[in-house]
Amino acid sequence: MISLKRILWRLLAGLGVLWGAATLTFIAINITAGDTALAIVGGPDAMPTAEVLAQVRKEYGLDDPLLTQYGNYIARLAKGDLGESYRLRIPVLKAVTQQLGATVQLALSAGVLSIVLSVVIALLTARRAPWIRSIVSGAELTITSAPSFVIGILLLLVFSFYFHWFPASGSQGWRALVLPTIALALPVAGVLTQVLRQALEDVLEQPFILTARARGMSDAGVRLRHALRHALVPLVTLSGFVFASLLGGAVVVEMLFARQGVGRLMLDAANTKDVPIVLGITLLAAFIYVIVNIVVDVLYSLIDPRVRAT
């Protein structure tokens, strides 16, 4: 089992990642064009007076030096306070949790689908006839190269607008989840399948595989009972990539299919310069990323005993 010392080091590194994410996002938001006070009162259409804008800047501390604003922000974060949304007028944590369920549902379903597809396709095509591998590899390369929104548009044209099997938008019911899940899962599944098949082909050439075959074990039994476990190591290593891909792709997919979710909330907040929401979601993503990497570390040590000795 992975040592406690190693986990503590990972947690310490995670705190560094969270601090870096908070700092970089704060800098990026504040150097972009636009008046935050104007965004708070509703934008140029609200036609606020100079006195109103000055009062808003004083109330939110926007007239303080940037370094002071940064210090106050980090101090609030240390207390677990993410602030209040400028636009929604509710705590950031409440705004994010209201949308988190839809994004988690989409990301989990896409993650499970991509892993199942990659394992099944890799098991069926590893060390098969060259023409089979060529066809499958070509399809994987095409899918991996295609952005999620292109796949999503094609799915909409075929299954929503032509066959009318699934709704084109919305978040209600399982049928509204099918097309967004496929659009988000296919590019990730393409990458995972390529990595897993290569690992399987390497393992299938090992001496212990030949021994298992010599004992009369079937091809399916060799692949499932002996080869797959050893080939899963690189797949576990790619878990961070899978998480980042699903999170980034969810923003586009939620917009394309008009779904509720954190990605859509993030995009709206960036367009309206709702700084607390942008920073809160960035920290949430960084926090989940840190947790995923620690879990991957533990799984890696369980799958590969050599890691326990390091």
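Check cross-link reach from LYS273 to the lysines: straight Cα distance under 29 Å, and skip same-chain residues fewer than eight apart.
Straight-distance partners of LYS273: LYS58, LYS79, LYS94.
Provide the FRET efficiency to the nearest 0.05 for the ARG225-ARG127 pair, computing r from the beta carbons and using R0 = 22 Å. Don't jump to the answer; show the numbers that get you there.
Details: r = 16 Å, r/R0 = 0.74.
My answer for the efficiency is 0.85.
Counting other Cβ atoms within 10 Å of each Cβ, which GluC sites (Glu not before Pro) in region 194-259 have at most 13 and sit in a DSSP loop?
Working: sites: GLU201, GLU205, GLU254; in loops: GLU205.
Within region 194-259, the qualifying GluC sites (Glu not before Pro) (loop, at most 13 other Cβ atoms within 10 Å) are GLU205.
Given a 1.4 Å probe, how much area per residue of region 6-134 is accessible, in Å²? Kindly include the intermediate steps, with their values, before the conclusion.
Details: 7960 Å² over 129 residues.
That works out to 62 Å² for each residue.
Excluding ALA220 itself, what net charge comes from residues whose Cβ is under 14 Å from its Cβ, given Lys and Arg +1 and Asp and Glu -1?
Details: positive: ARG127, ARG128, ARG213, ARG223, ARG225; negative: ASP219.
Net charge around ALA220: +4.
Keeping all protein chains in position, work out how much accessible area HIS226 exposes to a 1.4 Å probe, and write it in Å² to the nearest 10.
The accessible area comes out at roughly 60 Å².
Sequence-distant or interchain residues sharing an amide H contact under 5 Å with GLU84, placed H: which?
HN-HN under 5 Å from GLU84: VAL92.
Please sort by residue number the trypsin sites (Lys or Arg not before Pro) in region 154-217 whose DSSP state is loop and whose Cβ has at most 11 other Cβ atoms within 10 Å. Don't jump to the answer; show the numbers that get you there.
Numbers: sites: ARG175, ARG197, ARG213, ARG215; in loops: ARG215.
Filter output for region 154-217: ARG215.
With every protein chain left in place, what is the accessible area of PHE163 in Å² (1.4 Å probe, nearest 10)?
90 Å²
Within the accessible area of the chain, what % is carbon and sulfur when the probe is 1.4 Å and the other protein chains stay in place? Before the final figure, lay out each step's value.
Working: 11640 of 17070 Å².
The nonpolar share, carbon plus sulfur, comes to 68 percent.
Test of understanding: in a Gaussian network model of the chain with alpha carbons linked when under 10 Å, which of VAL104, VAL52, VAL116 would top the mean-square fluctuation ranking?
Residue with maximal mean-square fluctuation among VAL104, VAL52, VAL116: VAL52.
In terms of solvent-accessible area of protein heavy atoms at a 1.4 angstrom probe, what is the ranking of LYS94, LYS79, highest value first?
LYS79, LYS94
Quick check: the angle from helix 275-303's long axis to the longest principal axis of the chain, C-alpha only, nearest 10 degrees?
That works out to roughly 20 degrees.
Kindly write out, for region 94-100 in residue order, the coupling ³J(HN,Hα) from the Karplus curve 6.51 cos²θ - 1.76 cosθ + 1.60 (θ = phi - 60°), rounded to whole Hz, with x marking Gly and Pro.
Whole-Hz 3J(HN,Hα) from phi for region 94-100: 5, 4, 6, 5, 5, 9, 5.
Nearest 10 degrees, 0 to 90: what angle lies between the long axis of helix 175-203 and the longest principal axis of the chain (Cα atoms)?
50 degrees
By how many degrees, between 0 and 90 and to the nearest 10, does the Cα long axis of helix 239-256 differ from the longest principal axis of the chain?
Approximately 60 degrees, to the nearest ten.
Excluding LYS58 itself, what net charge comes from residues whose Cβ is under 12 Å from its Cβ, given Lys and Arg +1 and Asp and Glu -1?
On the way: positive: ARG57; negative: GLU51, GLU59, ASP63, ASP64.
Local net charge: -3.
The values are calculated or read from the model by the stated rules, or taken from the named source; none is laboratory data. All of these numbers come straight from a predicted model, not from anything done at the bench. Neighbour counts are summed over all protein chains in view; Cβ atoms, including those assigned to glycine, are modelled from backbone coordinates with ideal geometry. Heads up: the accessible areas ignore ligands, DNA and RNA and are worked out on the full protein's heavy atoms, side chains in. Shrake-Rupley method; radii C 1.70, N 1.55, O 1.52, S 1.80 Å.
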